[in-house]
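Novice: Below you will find the structure I want to go over with you.
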Amino acid sequence: MYRRLPAAFGAVLALSAVLAPAAHAADTPRTLVVATTGSDAAPGTLTQPLRTVQAAIDLARPGDTITVRGGRYPLTDNLTVAHSGEAARPITLGAYPGERVVIDGEQLPAGHTPLGGSIARADRGALHIEAAYWRISDLELVNGPYGVYCRDCTGNVFARLSTHDNYESGFQLEGASGNNQILDLDSYRNRDPRKNGESADGLAIKEGGGTGNLVRGARLWDNVDDGLDAWKFTSPITVENTVSYGNGYNRWNFPDFAGDGNGFKLGGGTPAPAAGHILRNVLAFDNAAKGLTDNGNPGAITVSRSTSYANKATGFDFDTAAAKAGLTDNLSVADPTAYAGSATTTATGNSWNLSGSWGASAMQSTATAAITAARRADGSLPAAPSLLVPRSGTAIGARF
């Protein structure tokens with residue numbers, strides 16, 4: 001089971017940064033410090049830090065910690081993680097406690113690929129990782145050709161990252177990738193001029209497979225394509241306590257606009273693979289298309305205690321899902337159509353199955369600003385205890 005990284009995690013990094021020497025025996029963990037005032041010829045201590053995050057990545061070995069002092073780190077080449085930690089000794093990369101670290105990929109040529117062009121695999125991501133057993137937290141990744149691009153990844157934890165204003169998806173996980181945790185991610189305003197909005201999502205877990213991937217506590221908003229996209233991913237993904245809103249609008253005035261605009265897109269491909277994704281306590285609102293959709297996925301998707309509100313098309317669109325698929329105790333409010341399902345999809349205890357009114361006036365609050373406010377100190381979502389909660393007290397829909 002996942003355990004939330006405690007707030008004290010950062011303080012431990014700080015203490016180890018002060019105490020750790022630059023050199024170590026093979027099995028002794030050390031801390032490498034990076035600062036904008038450092039030098040890559042330095043030993044990487046708190047008083048003599050390294051200058052670039054890449055230098056620290058290259059030096060880090062299983063059990064080591066990289067702590068990055070506050071500031072903006074412009075990239076001339078993407079950060080590349082090509083070696084792994086170990087299950088019992090992961091490599092940790094994160095911001096120094098209380099300091100804001102911005103990894104800026106604006107100067108990376110791949111981010112400015114022309115219309116119709118493609119981005120080479122090695123060039124994808126301000127942070128490009130093809131490795132296992134890393135713990136990466138508290139970084140802001142902006143203006144890159146993807147924010148985070150993780151391929152053939154296993155056993156990694158990504159916590160409290162912010163990926164925004166990138167030239168492709170904010171965070172993309174693909175290939176043979178399993179047992180990764182994406183926790184408390186904010187991913188927003190990502191766009192793809194080279195495709196006129198066709199593929200830049202907030203979070204894309206697509207074109208691959210691997211069991212045990214978990215998304216928890218994410219907010220995915222104002223992205224040009226979809227909030228979460230599981231296109232052609234063959235294995236079940238678990239998504240919990242996650243919010244997706246405002247996706248699929250042409251805020252960049254792209255010609256021949258191609259953004260889809262779904263909150264949670266749970267399949268795709270010709271044919272779409274069958275993957276039994278699990279969604280619990282998720283919220284989709286004000287997306288340009290559907291709130292939640294199987295998008296042709298014939299797998300046994302399950303969705304429970306989730307809410308769709310004021311999307312521009314169907315709230316819950318599951319007209320392909322298989323006989324074992326099930327929608328339970330979900331709520332649609334102010335969607336043009338609450339539900340579209342196949343004859344084999346089971347839907348029980350949802351608002352469209354129950355008598356009574358489920359419009360906006362039947363809710364305690366429709367003030368979505370509560371869930372879009374600043375996160376709490378530990379990185380968790382802000383409290384929104386009355387948002388889209390039925391006045392009747394009926395136990396359906398998401399709770400935050």
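Novice: Would you mind computing, in nm to one decimal, how far apart the modelled labels at Ala258 and Ala360 are, each placed 7 Å from Cα along Cα→Cβ?
Specialist: That separation, rounded to one decimal, is 3.4 nm.
Novice: Relative contact order for the chain: what is it in percent, counting Cα pairs under 8 Å that are at least 6 residues apart? Write out the running numbers ahead of the final one.
Specialist: Numbers: 1300 pairs, mean separation 30.4, N = 400.
Taking the mean separation of contacting Cα pairs over the length of the chain, I get 8 percent.
Novice: If one takes the longest principal axis of the Cα atoms in the chain, at what angle in degrees, from 0 to 90 and to the nearest 10, does the Cα axis of helix 8-19 lie?
Specialist: Orientation of helix 8-19: about 10 degrees from the principal axis.
Novice: Could you give the distance between the Cα centres of the range 179-239 and the range 284-357, to the whole Å?
Specialist: 19 Å
Novice: Charges on Cβ only, +1 for Lys and Arg, -1 for Asp and Glu, centred on the Cα centroid of the chain; of Ala122, Thr31, Ala204, which one is farthest towards the dipole's positive end?
Specialist: Positive-most Cα among the choices belongs to Thr31.
Novice: So, with +1 on the Cβ of K and R and -1 on the Cβ of D and E, and no other charges, what is the size of the charge dipole of the chain about its Cα centre, to the nearest 20 debye?
Specialist: Values: 33 positive and 37 negative charges, 178 e Å.
Roughly 860 debye for the chain.
Novice: Test of understanding: in a Gaussian network model of the chain with alpha carbons linked when under 10 Å, which of Thr320, Thr307, Thr242 would top the mean-square fluctuation ranking?
Specialist: Thr320
Novice: Specify the residue with the greatest mean-square fluctuation among Ala95, Ala325, Ala122, computed from a Gaussian network of the chain linking alpha-carbon atoms under 10 Å apart.
Specialist: Ala122
Novice: Which of the following values of Kirkwood radius over Cα pairs in Å was calculated from the structure shown: [x] 20.4; [y] 25.1; [z] 21.4?
Specialist: [z]
Novice: Moving to a separate point now. Choose one answer from Asn353, Asn295, Asn311: the residue with the largest mean-square fluctuation in a GNM of the chain with alpha-carbon springs under 10 Å.
Specialist: Taking springs between Cα atoms under 10 Å, the residue moving most is Asn353.
Values in this text are rule-based calculations from the coordinates and carry no lab data. In this text, all values refer to a predicted model and were calculated from it rather than measured experimentally. In this analysis, Cβ positions are derived from the backbone assuming ideal geometry, glycine residues included, and neighbour counts consider all displayed protein chains.
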